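Peer 1: The structure under discussion is supplied below as structure tokens; questions concerning it will follow.
The values are calculated or read from the model by the stated rules, or taken from the named source; none is laboratory data. Note that the coordinates shown come from a computational prediction; the quantities given were computed from them, not determined experimentally. Glycine gets a Cβ as well: all are built from the backbone with ideal geometry, and neighbour counts include every protein chain shown. Just so you know, the surface numbers come from the protein's heavy atoms only, side chains and all, with ligands and any DNA or RNA stripped out. Shrake-Rupley method; radii C 1.70, N 1.55, O 1.52, S 1.80 Å.
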Amino acid sequence: MLKLAPPVWTLIFILLCVALSWLLHWPAIPGLPLPALGLVLVGLAFIPPVLAFLLFRSEDTEINPVSPTNRKLVTRGPYRFTRNPMYLGLVTLALGIAIWIGAWPMFMAPVAVFATVNWVHIPFEEAKMRRQFGTAYDDYVGRVRRWL
């Protein structure tokens with residue numbers, strides 16, 4: 001699963017859920033869809049990853065989580081609130097789309113995105129960061145939650 005980047009997995013999960021929703025004739029959850037709320041979440045989903053991307057660029061460090069090393073441990077900006085703002089954005093994006101569409105199969109996408117990044121990608125990245133940055137990373141982990 002590490003061979004495909006989390007944004008690719010997110011797209012795959014969303015498309016699979018769209019296909020399943022279509023096959024099941026878009027079975028709605030009572031009270032949904034809520035297009036306005038869904039669109040707001042989709043828009044908000046881009047803020048943490050874009051801020052993180054710009055911060056990584058300004059700090060002159062790698063964005064690719066599978067790079068052999070990172071030049072710097074980034075702990076400011078959105079990284080003061082979550083250790084994974086880019087992944088938080090992906091989960092929020094998938095949730096926003098699910099709320100926007102309102103079909104219950106669509107809600108499997110944010111769950112699948114969360115599960116994939118939380119139990120596959122993040123442990124790999126955290127182990128790499130711990131090896132590279134040692135105590136500084138452990139201190140950061142003690143201060144900032146994985147998600148929120």
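Peer 1: For a quick check of your reading of the model, give me the residue pairs whose first member lies in the range 1-26 and is more than 14 Å from ALA109 (Cβ to Cβ), whose second is open to solvent by less than 60 Å² (accessible area, probe 1.4 Å), with beta-carbon atoms closer than 7 Å and at least 6 apart or on different chains.
Peer 2: MET1/THR116; MET1/VAL120; LEU2/VAL120; LEU2/HIS121; LEU24/PRO105; TRP26/ALA103
Peer 1: If I filter the range 23-35 for residues that are in a helix (DSSP H, G or I) and either at pLDDT 95 or above or farther than 23 Å from VAL144 by Cα (or both), do I get at least one hit?
Peer 2: For the range 23-35, residues in a helix (DSSP H, G or I) and either at pLDDT 95 or above or farther than 23 Å from VAL144 by Cα (or both): present.
Peer 1: Next question, about the same structure. Could we say that GLU62 is more than 18 Å from CYS17 (Cβ to Cβ), at pLDDT below 95 and assigned to a helix (DSSP H, G or I) here?
Peer 2: So GLU62 does not fit the description; no.
Peer 1: Turning to a different aspect of this structure: Going residue by residue through the range 81-95, is there one that turns out to be open to solvent by 60 Å² or more (accessible area, probe 1.4 Å) and either among the hydroxyl-bearing types (Ser, Thr, Tyr) or in a loop (DSSP other than H, G, I, E, B) (or both)?
Peer 2: The answer is yes; a qualifying residue exists.
Peer 1: Go through the residues of the range 73-85 one by one and say whether even a single one is of a type outside the set (A, V, I, L, M), without any contact (Cβ under 8 Å) to a residue 24 or more places away in the chain and more than 18 Å from LEU11 (Cα to Cα).
Peer 2: yes
Peer 1: Report yes if PRO78 is out of contact with any Gly (no Cβ under 7 Å at 6 or more places or on another chain) and open to solvent by less than 30 Å² (accessible area, probe 1.4 Å), otherwise no.
Peer 2: Against the criterion (out of contact with any Gly (no Cβ under 7 Å at 6 or more places or on another chain) and open to solvent by less than 30 Å² (accessible area, probe 1.4 Å)), PRO78 qualifies.
Peer 1: Output yes when any residue across the range 98-118 is more than 11 Å from the chain's Cα centre (by Cα), farther than 24 Å from LEU16 by Cβ and not hydrophobic (A, V, I, L, M, F, W, C), and no when none is.
Peer 2: No, that holds for no residue.
Peer 1: Please determine whether any residue of the range 104-120 is without any contact (Cβ under 8 Å) to a residue 12 or more places away in the chain and open to solvent by 50 Å² or more (accessible area, probe 1.4 Å).
Peer 2: Among the residues of the range 104-120, at least one is without any contact (Cβ under 8 Å) to a residue 12 or more places away in the chain and open to solvent by 50 Å² or more (accessible area, probe 1.4 Å), which makes the answer yes.
Peer 1: Can you tell me which residue is farthest from LEU4 (Cα to Cα) among those in the range 31-67 that are of a type in the set (S, T, N, Q) and exposed (fewer than 15 other Cβ atoms within 10 Å of the Cβ)?
Peer 2: SER58
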